[in-house]
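Read-outs: derived from the displayed coordinates by stated rules, not from any lab. On a predicted model such as this, the values are computed, not experimentally measured, just so you know. Methodologically, a virtual Cβ is constructed for each residue, glycine included, from the backbone with ideal geometry; neighbour enumeration extends over all protein chains shown.
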Amino acid sequence: MRELCLAAVMAAVVFLATFVPRIPIPLGYAHLGDAAIFLMVLFLGRRETLIAACFGSALSDLLGGFPLWIVPTIIIKYFMADIAWRVIRPDQRHASLTRLVVGFLLASAWMAAAYTLFGAMLYDSLAAGLASAPGLIAEGVLNSAIAIVAAGILQKTPLGRR
């Protein structure tokens, strides 16, 4: 029950970080929700992280007027969080900066490529899908940088010293 409650609260955090700072890009919007997901990879269990990533992001699509993207978002965010999780291995006390950078950037590369491909399929146009790629890449780099800085700060707090 504790895991379910934690996942629900973290889904709300992902939703807010995704829904509130919406920056329009072709086929959708950029946001800071992935930074929240990346931080969950470091500080929460795998199951809670995957649930929160999928449902918080999908809820933002639903309420933000992008219901067509709900299923692709669930798939993309699941694997994005899982890629970061597997590279960084949060069961170690402190992941190295190199592992954080590699894990977050690989997960962001997956996110950008997957949204580009889904965009091409959903809108039946490779050009439409590719139009979103620069914004998605920038979003991934920005979210990775924010998560790395925040992780450094949080690891010095009681939360980070599990």
- Task: In debye, nearest 20, what is the charge dipole magnitude of the chain about its Cα centre with +1 on Lys and Arg Cβ and -1 on Asp and Glu Cβ, if you could check?
- Result: 700
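Where does the chain land at 222 nm, in deg cm²/dmol rounded to the nearest 500, when only DSSP H runs of n ≥ 4 count, each adding -39500 (n - 2.57), divided by all residues?
Numbers: 6 runs with 121 residues, N = 162.
When only DSSP H runs of four or more count, the value is -25500 deg cm²/dmol.
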- Item | 0 to 90° range, to nearest 10: angle between helix 46-63 axis and the chain longest Cα axis | 30
- The distance between the Cα centres of segment 9-31 and segment 58-86, in whole Å, is 11
- Using label points projected 7 Å from each Cα along Cα→Cβ, tell me how many nm separate Arg46 and Asp124, to one decimal. 4.0
- Among Leu42, Leu142, Ser125, which residue has its Cα positioned farthest towards the positive end of the charge dipole of segment 2-154, with +1 placed on the Cβ of Lys and Arg, -1 on the Cβ of Asp and Glu, and the dipole taken about the Cα centre? Leu42
